[in-house]
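Following: one structure in C-alpha cells, then a few remarks.
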Amino acid sequence: MKGMTRRRIEGDTRTKLQIPPPNHSGDVVLTGQNARDVAIAASMVRQIVKESRNHAGITDFIAVPSVTQELKDNFVKFKVKRHCQIQVLFDRLQS
C-alpha cells in the first residue's frame, strides 16, 4: 500500500495501520478509537487487496502431458473446430 493511500485511510477513518515490511510475513494491524472506524478501514484495505489481485498477472503455468492417444485426438479436433470458427468470423468481417 502506497504511503499516500495509507495516510488517506488513516485520516478518513481515524485509525492507525501497521503493515509488515515488504518480503516479511505478518498481519496488517488496524487500531482505532472505536470498532466502526476499524471496520471501515478494514473494508478499505480489503478492497485494495482485491483490486490488486484482479490486476495481478499470471504467476503459474501448469503443463499436462498428452500421454493418451484419445487426449491427443480430442485436442486436434478442438484445434480444427476452433480454427473453423475463427475463419468463419474472419470471412464475415471481410464481407
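Would you check if there is a residue in segment 79-93 being modelled with pLDDT of 75 or more and either out of contact with any Pro (no Cβ under 8 Å at 6 or more places or on another chain) or not polar (S, T, N, Q) (or both)? Give the derivation first.
Just the residues of segment 79-93 that are modelled with pLDDT of 75 or more, to begin with: 79.
From the residues that got through so far, the ones that are either out of contact with any Pro (no Cβ under 8 Å at 6 or more places or on another chain) or not polar (S, T, N, Q) (or both) too are 79.
Yes, because at least one residue in segment 79-93 is modelled with pLDDT of 75 or more and either out of contact with any Pro (no Cβ under 8 Å at 6 or more places or on another chain) or not polar (S, T, N, Q) (or both).
Among (1) more than 16 Å from ILE9 (Cα to Cα); (2) at pLDDT 85 or above; (3) of a type in the set (A, V, I, L, M), there is one condition VAL64 misses while meeting the rest; what is its number?
If we test VAL64 against (1) more than 16 Å from ILE9 (Cα to Cα); (2) at pLDDT 85 or above; (3) of a type in the set (A, V, I, L, M), just (2) comes out false.
Please pick out the residue among ARG36, ARG53, ARG14, ARG46 that is at pLDDT 70 or above, on the phi > 0 side of the Ramachandran plot and charged (D, E, K, R).
Just a single option satisfies the conditions, and that option is ARG14.
Assess whether THR5 counts as being touching a strand residue (DSSP E or B) at 6+ places or on another chain (Cβ under 6 Å) and surrounded by 10 or more Cβ atoms within 10 Å (Cβ to Cβ).
Values: touching a strand residue (DSSP E or B) at 6+ places or on another chain (Cβ under 6 Å): no; surrounded by 10 or more Cβ atoms within 10 Å (Cβ to Cβ): yes.
So THR5 does not fit the description; no.
The values are calculated or read from the model by the stated rules, or taken from the named source; none is laboratory data. Given the structure is predicted, the values throughout are model-derived calculations rather than measurements. No Cβ is skipped: glycine too gets one built from the backbone with ideal geometry, and neighbour counts run over all protein chains shown.
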